[in-house]
Amino acid sequence: MGQSSSTEQVSPELREVQALAASTGALPALEKAFSLLSDPNTNSIPLNSLQKCFDLTFESQISEQTAVQKELPVLLSHLGSAIVDLFFLADENGVSWIEFLRGYVKCCGRTVASTSFNNLFRVFSTTFSKAGLPVKLQFESYEDDCKTSGSLLPSDVLLLLRICWILSSDSRKLKMNLHKSKGDCSLPDMSHLVLSAIESCAEGGHELYYWDCIVSDLDIRLPAAKIHLWALKTVPNLADCFVQFVHARLCCSGTHEEKLEPSCSSAHENSPTAIFNNNLLISGWAWAISLSLRSPIYEEISKICFPSNADDINENLLYRSSLHGKGLNRFWSNVEGYKGPLLMLIAAHEDDSNTRKWIIGALTHQGFENREMFYGTSGSLYAISPVFHVFSSSGKEKNFVYSHMHPTGRYEAHPKPVGIAFGGSMGNERILMDEDFARITVRHHAVDKTYQHGSLFPNQGFLPLEASVLEVEVWGLGGKTPKEVQASYKKREEIFTEQRRKIDLKTFTNWEDSPEKMMMDMVSDPNAGRREDR
């Protein structure tokens, strides 16, 4: 193999590169991969063998929503050579051990997010060039970084997002050891992300009707520098799709000979992603939300994006209004006792237009509680459809969540509002849904100091807007532990309820001593007690 034996002196250069690779935790896996891929005679990896490790094919031309652009299969076929040319330096024998480690560190080593995005854009641009397709991206290299300039069309952004989706799907299958079966990596609708990039990056005041827009047909130039900033703010995990792909292909692919060119295929009717047709949270929206998260929640929502079976989806769904019933009582019976991160999605349409449907979401890092005031420690708001945006905590206030029900059997002189709210203050909530889950009020971000500023749907305006609620969903993103705790809580509540329903008949066997007989005697002869006293 490429490593020096104990009798050979390791150069300081090799020792430094090995230390960088070891800091990622992947050095033993890289040693195994190099031994499998390298030629024993030259002690180097042939270029074609390394390229095949990163090659992808796409077998189907049809996705769930739209026709896959004809350029996508061509681009994927040149992906391997683009990665090798950019990051792995080769000599006449191929890629040596030290250059193999350097290439891995360049792709997967610890670095700032900006550098990771530059690597992703360079791979995208080089792949376009090798496929003979035009793309207007330029790179100015510096000692440790590079600057991206030029521009992209909305169709280019769509292709970039689709490639990243396929990379994520492939790496997840390898980590879960599902690569031997041709899994489902069908492409979801990503127009909400492309429209987000257009809204944030377009110059010249383009006016779009977001509810009826084919993003691949738009001729709008988006500056690469602004696309870079938009990605860092809105989808900071996007560059990790490439990082995880390279790591999985080199470190998680087993014997390598078994699978040099695994393929992607579109979904069939019985595939797990077909279940998304019944959900408000479809795979493309779940993926967009996952790209904004850097926490253990990312892994849980990734199960919804790339399910290996139906259970991966159903086990996370806690409440759906069309399934469990509308209203705060039905909602509470399904989410009460869940002490973990929760994602709520609300679909609504404006009263004067059934076509202007929009979907917003709220992520809270703790369960819902029945309180008379705002609570919470952290959270985010999401504009999901038709345009995707993320509004994380501003750090100024902590009015993250408000959820309150009418108390049973208790009179309140000054009752608190009943419903669910996010942000703002009492009486000026940024989002407020009534107790029947029939109406929702969305206010301008000026009333809110908890979440960052921005419109929750296109053309929101300054005045409060009331809309009709179409669907509400709540997803649990805390893993197994909160579900087990909730199940124990519900079981305990059922036992208490059953105990309260039971009547101890022994206390009513003696009629003479029963409270009922005493009350009846007092009603029939109110003075009986006084005569007995005399």
How much accessible area does Leu229 have with a 1.4 Å probe, in Å² rounded to the nearest 10?
120 Å²
So, with points 7 Å from each Cα along the Cβ direction, the Glu16-Met405 label distance in nm works out to 6.4 nm
In nm, to one decimal, how far is the modelled label at Ser333 from the one at Lys416, with both set 7 Å along Cα→Cβ?
2.4 nm
Difference of contour (0.36 nm per residue) and Cα-Cα distance, Ser216 to Thr42
57.9 nm
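Could you calculate the contour length gain from Asn177 to Asp436, that is, 0.36 nm times the residue separation minus the distance between their Cα atoms, to one decimal place in nm? It would help to have the intermediate numbers written out before the result.
Details: separation 259, 0.36 × 259 = 93.24 nm, distance 4.51 nm.
Extra length from Asn177 to Asp436 when fully extended: 88.7 nm.
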Exposure rank, largest accessible area first [His365, His414, His247; 1.4 Å]:
His414, His365, His247
Need one value: the accessible area of Lys357 in square angstrom, 1.4 angstrom probe, rounded to the nearest 10.
90 Å²
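Once the piece of chain linking Asn314 and Met520 is laid out straight, how much longer is it, given 0.36 nm per residue of separation minus the C-alpha distance between them?
Numbers: separation 206, 0.36 × 206 = 74.16 nm, distance 5.64 nm.
Once the chain is fully extended between Asn314 and Met520, it gains 68.5 nm.
Which FRET efficiency value, to the nearest 0.05, is calculated for Asp91 and Ser149 with the Förster distance at 41 angstrom and r the Cβ-Cβ distance? Before the final figure, lay out the partial values.
Numbers: r = 32 Å, r/R0 = 0.78.
Efficiency at R0 = 41 Å is approximately 0.80.
Placing +1 at every Lys and Arg Cβ and -1 at every Asp and Glu Cβ, with all other atoms neutral, what dipole size does the range 346-489 have around its Cα centre, in debye to the nearest 20? It would help to have the intermediate numbers written out before the result.
Values: 13 positive and 16 negative charges, 96 e Å.
Dipole of the range 346-489, to the nearest 20 debye: 460 debye.
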Probe 1.4 Å, all protein chains in place: accessible area of Val243 in Å², nearest 10?
30 Å²
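Mind ranking Ser394, Ser488 by accessible surface for me, highest first, 1.4 Å probe?
Details: Ser394 45, Ser488 65 Å².
Solvent-accessible surface, decreasing: Ser488, Ser394.
Based only on Cα atoms, what mean projected area does the convex hull of the range 82-146 have, in nm²? Walk me through the intermediate numbers first.
On the way: hull surface 20.5 nm².
Dividing the Cα hull surface by four gives the mean projection, 5.1 nm².
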Solvent-accessible surface ranking, highest first, for Ser403, Ser468 at 1.4 angstrom:
Ser468, Ser403
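The values are calculated or read from the model by the stated rules, or taken from the named source; none is laboratory data. In this text the structure is predicted, and so the values were computed from the model without any measurement. Glycine also receives a Cβ, built like all others from the backbone with ideal geometry; neighbour counts cover every protein chain displayed. Areas reflect the complete protein model, heavy atoms only, side chains present, ligands, DNA and RNA absent. Shrake-Rupley method; radii C 1.70, N 1.55, O 1.52, S 1.80 Å.
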